1. Give me a count of the residues in region B:110-145 that are free of Cβ contacts under 8 Å to residues at least 24 places away in the same chain and in a loop (DSSP other than H, G, I, E, B).
2. Output the residues belonging to region A:385-415 that are surrounded by fewer than 18 Cβ atoms within 10 Å (Cβ to Cβ), part of a loop (DSSP other than H, G, I, E, B) and away from chain B (no Cβ under 11 Å).
3. Yes or no: region A:104-117 includes at least one residue that is away from chain B (no Cβ under 13 Å), surrounded by fewer than 22 Cβ atoms within 10 Å (Cβ to Cβ) and of a type outside the set (D, E, K, R).
4. Give just the number: which of (1) more than 11 Å from every other protein chain (Cβ to nearest Cβ); (2) crowded, with 21+ Cβ neighbours inside 10 Å does B:Thr159 not satisfy?
5. Please determine whether any residue of region B:128-137 is within 11 Å of chain A (Cβ to nearest Cβ), farther than 28 Å from A:His159 by Cβ and surrounded by fewer than 16 Cβ atoms within 10 Å (Cβ to Cβ).
6. Please count how many residues of region A:174-191 are more than 7 Å from chain B (Cβ to nearest Cβ), in a helix (DSSP H, G or I) and of a type outside the set (A, V, I, L, M, F, W, C).
7. In region A:382-415, which residues are at pLDDT 95 or above, touching a Lys or Arg at 6+ places or on another chain (Cβ under 6 Å) and more than 23 Å from A:Arg27 (Cα to Cα)?
8. When region A:423-462 is examined, which residues are found to be part of a helix (DSSP H, G or I) and in contact (Cβ under 8 Å) with a residue 60 or more places away in the chain?
Amino acid sequence: MSEFELIRGYPKYMRESIELVEETRERRLKEEFRHLSLEEREELLKKYHPDHKEGTKRPLKIGPNKGMIAPHEVIDLLEAHPLIKPEQIDLSQVDYETDILIIGGGGAGMTAALWAVYSGVSPEDILIVTKLRLGDSNSVMSQGGVQAADRPPDSPTRHFLDVMGGGHFANDRQLARTLTMEAPYMMKWLEELGLMFDKDEEGNMIELWGGGTSCRRMHSCKDYTGMEIVRVLRDEIRNKGIKCVEFTSAVELITDDEGKVAGAVLLNMESEEYSIAKAKATILATGGFGRLHIQGFPTTNHYGATMDGVILAYHVGALLRDLDATQYHPTGAAYPEHIVGLLITEKVRGGGAQVVNKFGEQFVFPLEPRDVEAAAIIRECWDRNNGVETPTGMRGVWLDTPMIDLIRGEGAFKKMFPAIFRMFSRVGIDPTKDPVLVFPTLHYMNGGIVINERCETTVPGLFAAGETTGGVHGKNRLMGNSILDYLVFGRRAGINAAKYVKNVRIGKLTLDHVRRYERWLEEAGIETERRAPLILPDYRGKKVLMRRIDVL
Amino acid sequence: MSEVKGLEVVEKEKEAKMVRIYIMGKEYLVPAGLTIMKAMEYAGYRFIRGCGCRGGFCGACSTVYRFIDDYKLYTGLACQTKVEDGMYLTQLPFVPANKAIYDLDKIKPTPNILLRYYPELARCVSCNTCTKACPQDIEVMYAIQAAIRGDIEEVANLTFDCIQCGLCTIRCPAEIQHYHVFQLARRIYGKYIQPRAKHLEERIKEIESGKYDEEMEKLMKMSVEELKKLYENRGRIED
């Protein structure tokens with residue numbers, strides 16, 4: 001038999017390690033690995049979390065956040081020319097005149113649109129623009145669930161403490177308070193919309209553990225939680241008749257002569273024609289930055305996750321925060337090659353599966369906060385050399401998925417994790433019988449645009465919600481708080497934008513901030529051909545790009 | 001700490017064995033082991049449509065393909081299906097389908113409700129083409145039959161994993177718009193048939209009565225050191 005021949009999805013040498021995992025499983029079922037203290041966590045993070053790796057960041061040279069440390073990939077886009085030149089754009093011909101412009105069609109954008117309607121704005125006076133389809137977002141990909149402290153013995157204050165501890169106490173407390181206090185309301189709203197939560201026969205929510213939480217409060221819809229929420233929100237957006245233009249990206253914000261944000265320059269991605277959207281209020285709901293592949297990491301994120309909103313906001317002078325902290329999800333797929341980096345939900349660990357090394361031994365409590373868990377896995381693979389190397393040179397540790405059925409009865413895994421079961425079945429692996437190989441993968445932008453609890457940015461007329469913002473999660477978000485974030489703050493963005501548009505008058509439209517940004521670049525001596533926002537990553541083959549000529 | 005490997009590994013893989021595929025009839029040599037999506041990019045395509053989450057959750061990358069000398073038409077998601085030698089493929093960037101408009105608050109969960117909004121359901125000829133087309137392996141035809149019978153719960157449960165890619169809808173000889181029917185069924189089930197969580201109501205009442213305000217105020221005013229201490233000692237509430 002050749003070295004590369006696969007036995008039920010794995011080569012022979014990986015099978016040998018799986019046998020060790022099987023041997024220890026019975027014993028491990030009764031074992032609980034010790035939790036780390038705050039001090040031990042910090043030490044582990046400093047040594048092994050990618051955020052602390054030298055040479056991966058630099059300070060920003062321009063704008064109101066001058067001196068802010070962030071990954072090179074982020075600074076590169078902030079220290080880049082805007083995509084448009086003001087003289088190219090005719091602001092006198094307005095194509096869309098609207099009360100509220102929402103940039104981004106994921107969870108935050110859709111939630112904001114619906115709550116603006118509930119607050120009295122007519123659906124015709126709202127415009128959602130999205131560079132992909134409505135709903136295409138990281139929101140649709142979230143699997144494991146959403147946190148809400150919605151029954152005893154849990155409480156919103158306990159949830160608040162978990163959020164603060166997970167975020168290394170760097171969170172904006174006001175935002176963390178809002179997040180946790182309003183969580184039960186959002187569960188109620190989703191229930192009203194007809195969301196199919198995992199419930200018991202009496203209707204009680206089935207709630208599981210999440211990393212860094214001190215009580216079971218993870219609500220889910222199997223492992224399609226995000227998809228179920230997004231498709232319901234999208235359905236409701238269409239029922240309400242809210243206008244949405246797809247495959248149209250915002251390439252620059254527009255302000256009026258008083259400096260208030262007053263809409264955006266849009267680009268039809270297919271015809272490449274620009275158009276002008278004039279709006280009384282603009283909400284950024286553009287998500288995170290996984291597709292920047294910070295430090296070369298693979299990502300769980302969707303195709304459009306290029307932090308466009310952060311770039312647009314900075315062009316008009318909005319403050320940013322916490323962009324030095326990047327979240328790597330502990331358990332991305334590490335094998336086989338073509339699914340590397342895809343998410344394996346934390347709910348698998350919440351349901352009882354352990355993380356073990358090549359000898360089948362635990363090395364970390366499976367539900368530490370994400371940054372701590374990820375650092376422990378990196379240490380196990382690359383420092384202690386206890387990882388399993390894949391045929392393409394990656395390393396990973398085992399997520400012992402067969403434990404789920406042992407703990408919860410046969411058939412439990414398939415019922416709780418149809419998406420994960422499907423993903424591995426497609427590559428010939430049965431996760432109910434064999435463990436799956438995992439390694440941290442780029443997952444979430446912890447920081448972003450500064451907002452207050454009304455979702456106002458530091459620039460008038462500009463609101464923001466969801467992953468594009470910072471402060472809610474401090475330096476590290478806990479599982480189940482991203483869906484909650486876009487629900488709670490998407491709602492608040494919609495409500496507060498609706499209030500704001502009642503009394504605002506928009507003056508003359510300008511793109512002066514673009515000229516100012518060019519000046520900042522020049523004054524800082526930044527000479528570059530880089531342009532931002534990125535809008536979409538480019539994955540074309542190297543050979544093709546090298547030989548490409550632009551003649552058509 | 002050694003180098004963490006990510007994307008460069010993918011590059012290494014690309015030196016591996018090549019396979020011949022035909023993108024909309026045009027021949028390309030691409031590395032074996034890539035998904036259809038990555039193979040198209042390798043060949044020089046830059047997606048605007050036909051690419052969404054890249055992880056099997058959004059239904060943006062429906063693809064149909066045949067092999068040379070095989071009459072069968074296969075379907076799959078470009079981000080989840082590996083290229084194979086001799087694959088003739090094209091993507092389906094958009095599915096024209098009409099969604100019924102409704103006010104869920106005013107809908108009654110009666111057995112005929114799905115037929116009322118989507119009367120073309122009755123045209124189902126039970127050919128099972130929808131089921132064969134489904135990349136999620138959902139029993140689509142059974143769900144349609146359940147919809148005709150008015151068994152909303154059955155429809156909701158059978159179709160829970162639907163990613164709304166539209167492959168069933170584009171293949172259906174009866175012109176049924178399956179995924180919209182299923183969406184309505186699931187929302188009716190979630191709102192009217194699945195029992196409500198009573199603890200939610202109770203918790204909301206507690207929050208509104210101000211039960212947590214005092215404690216929250218204290219937490220807001222504490223020093224970070226005090227918060228840390230509280231956090232370390234908060235304990236885990238085991239069952």
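The values are calculated or read from the model by the stated rules, or taken from the named source; none is laboratory data. The structure displayed is predicted, hence computed values, not measured ones. Neighbour counts run over all protein chains shown; Cβ positions are idealised from the backbone, glycine included.
1. The number of residues fulfilling the criteria is 4.
2. Selection gives A:Asn386, A:Gly409, A:Glu410, A:Gly411.
3. Yes, that holds for at least one residue.
4. Looking at each condition in turn, B:Thr159 falls short on (1).
5. Just the residues of region B:128-137 that are within 11 Å of chain A (Cβ to nearest Cβ), to begin with: B:135-137.
When the remaining residues are screened for being farther than 28 Å from A:His159 by Cβ, the result is B:135-137.
Among the residues that remain, those that are also surrounded by fewer than 16 Cβ atoms within 10 Å (Cβ to Cβ) are: B:137.
Scanning region B:128-137, I find at least one residue that is within 11 Å of chain A (Cβ to nearest Cβ), farther than 28 Å from A:His159 by Cβ and surrounded by fewer than 16 Cβ atoms within 10 Å (Cβ to Cβ), so the answer is yes.
6. Of region A:174-191, the ones more than 7 Å from chain B (Cβ to nearest Cβ) are A:174-176, A:178-180, A:182-183, A:186, A:189-190.
Restricting the remaining residues to those that are in a helix (DSSP H, G or I) gives A:174-176, A:178-180, A:183, A:186, A:189-190.
Among the residues that remain, those that are also of a type outside the set (A, V, I, L, M, F, W, C) are: A:174, A:178, A:180.
Summing the residues that are more than 7 Å from chain B (Cβ to nearest Cβ), in a helix (DSSP H, G or I) and of a type outside the set (A, V, I, L, M, F, W, C) in region A:174-191 gives 3.
7. A:Glu389
8. Passing the criteria: A:Met423, A:Phe424.
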